[in-house]
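Can you read through this structure? Questions will come right after.
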Amino acid sequence: MMNFDKFPIMLAPMAGVTDVGFRAVCSAFGADSTTTEMLSVRAMAHNPQKTEFMTLTSPEEKHKIAQIFGHEEEYFERAVKSKLLQKFDAFDINMGCPAPKILKNGEGAALMDNPILASKIIETVKKNINRPLSVKFRKGNKSPNFLEFGRMCQDSGADYVVFHARTVEQGYSGHADYDAIASLKAKLTIPVVGNGDVVDKGSLEEMKKTKVDGVMIGRGALGRPWIFAQLKERQNIDKFDAIKTHINILREHFEENWIKLYIRKHLLWYAKDLPMASTIRLKLANCSDLDECLAILQEFFI
Ligand SMILES: Cc1cc2nc3c(=O)[nH]c(=O)nc-3n(C[C@H](O)[C@H](O)[C@H](O)COP(=O)(O)O)c2cc1C
């Protein structure tokens, strides 16, 4: 179980972002837990190779969480029993994804409008794992029912919840509603992890005022995996070394050509806070070799 006595600072699951290398680097910088991208329980049953690369882990990761999504209890049961997921320390169920394609299938945040099924899924997963279980959800899909929904998660056997305080309609716009987070925290007896817009010390302090038990950081870690070290006031942050490690871990598993395409967005995020970001972006756009891209970044990270 996450140690909630020490106010964990956790890396949020991000599809297309939280790959094995990025998770390792965030962990090395002090992230108290790392979560995979959302994994389809159906895909895991029918097309396991498609999921396998998302479930890669590295020894750097301290507390590894697999995030699963779907809408059928039997597939959830198969997934948590599958060999692929046995190495994880805990599970999280995605009940907050706002993507239309996911909602259409009755998955992600659509489950917030179907608490009976959501409860059955939580019970089924909990019954079939001997590890901690969390549920990550939003303020609401069709209506802001997070208080009732959080209570249902607790009653169904979730060990803690992760609350991203935006409605589906809001997507990622506006500010997360910290008053809503405080009210959920006041209502539940299980730990509540607050999520939304924590990007620095100031926003972390604001989040702490809600009295939550821990925080999860998503976009604040894009291109800045060292945010965990900064928030924990650790010294000696070697940023360029982290970027190299991210790529080297990917190199242990993937072909160079695939990495080259995949890593572009990460490289642009890594460059975004640098003084000459637009020049670097141009240079990165014209480089075709990974080591060359790294050399471009290195020049600016000194
Ligand atoms: C690119 C991207 C991908 C995301 N993928 C997932 C996901 O797979 N599962 C999930 O629960 N949330 C996902 N989220 C939501 C984040 O986990 C988090 O709840 C949200 O970004 C709010 O936190 P933040 O303000 O710290 O970014 C994603 C967010 C982004 C920006």
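The values are calculated or read from the model by the stated rules, or taken from the named source; none is laboratory data. Quantities reported herein were computed from a predicted structural model and do not represent experimental measurements. We place every Cβ from the backbone using ideal geometry, glycine too, and count neighbours over all the protein chains shown. Just the protein is used for accessible areas: all its heavy atoms, side chains included, with ligands, DNA and RNA removed. Shrake-Rupley method; radii C 1.70, N 1.55, O 1.52, S 1.80 Å.
Go through (1) farther than 22 Å from Glu72 by Cβ; (2) part of a loop (DSSP other than H, G, I, E, B); (3) not hydroxyl-bearing (Ser, Thr, Tyr) one by one and return the number of the condition Ala158 breaks.
Every listed condition holds for Ala158 apart from (1).
Any residue that is open to solvent by 40 Å² or more (accessible area, probe 1.4 Å), within 30 Å of Lys239 (Cβ to Cβ) and charged (D, E, K, R) - is there at least one of those in region 80-97?
yes
For every residue, the table says whether it meets (1) surrounded by fewer than 21 Cβ atoms within 10 Å (Cβ to Cβ); (2) free of Cβ contacts under 8 Å to residues at least 60 places away in the same chain.
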site: Phe7; (1), (2): yes, no
site: Leu11; (1), (2): no, no
site: Met14; (1), (2): yes, no
site: Asp19; (1), (2): no, no
site: Ala31; (1), (2): no, no
site: Val41; (1), (2): no, yes
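Now, a different point. Condition first: open to solvent by less than 20 Å² (accessible area, probe 1.4 Å) and within 13 Å of the ligand (Cβ to nearest atom). Can you find one or more residues in region 151-162 that meet it?
Yes, region 151-162 contains a residue that is open to solvent by less than 20 Å² (accessible area, probe 1.4 Å) and within 13 Å of the ligand (Cβ to nearest atom).
Oh, and also: With Lys50, Lys139 as the choices, which residue is at pLDDT below 95, in contact with a helix residue (DSSP H, G or I) (Cβ under 8 Å, 6 or more places away or on another chain) and open to solvent by 10 Å² or more (accessible area, probe 1.4 Å)?
Lys50
Which residue pairs have Cβ atoms closer than 9 Å, lie 6 or more positions apart in sequence or on different chains, and pair a first residue in region 59-75 that is more than 14 Å from Ala24 (Cα to Cα) with a second residue that is among the basic types (Lys, Arg) and more than 13 Å from the ligand (Cβ to nearest atom)?
Note: pairs meeting the criteria are Ala66/Lys87; Gly70/Arg42; His71/Arg42; Glu72/Arg42; Glu73/Lys120; Tyr75/Arg42.
What strands (runs of 3 or more DSSP E) completely inside region 1-118 contain at least 1 residues that are among the basic types (Lys, Arg)?
So the answer is 64-69.
Of all residues in region 178-236, which are of a type in the set (A, V, I, L, M, F, W, C) and open to solvent by 30 Å² or more (accessible area, probe 1.4 Å)?
Answer for region 178-236, where residues must be of a type in the set (A, V, I, L, M, F, W, C) and open to solvent by 30 Å² or more (accessible area, probe 1.4 Å): Ala182, Ala186, Val199.
Which helices (runs of 4 or more DSSP H) does region 195-302 wholly contain that include 1 or more residues that are modelled with pLDDT of 95 or more?
201-208, 227-231, 239-253, 256-262, 264-271, 290-301
Looking at (1) closer than 21 Å to Glu72 by Cβ; (2) in contact (Cβ under 8 Å) with a residue 40 or more places away in the chain; (3) charged (D, E, K, R), which one does Lys104 not meet, given that it meets all the others?
The one condition Lys104 does not meet is (2).
Does Ile280 count as more than 14 Å from the ligand (Cβ to nearest atom) and open to solvent by less than 10 Å² (accessible area, probe 1.4 Å)?
Here the answer is yes, as Ile280 does meet what is asked.
Looking at Lys239, Lys260, Lys244, Lys185, which is the one that is away from the ligand (no atom under 14 Å from the Cβ) and either assigned by TED's automatic domain parsing to the domain that holds Pro132 or within 30 Å of Gln154 (Cα to Cα) (or both)?
The match here is Lys185.
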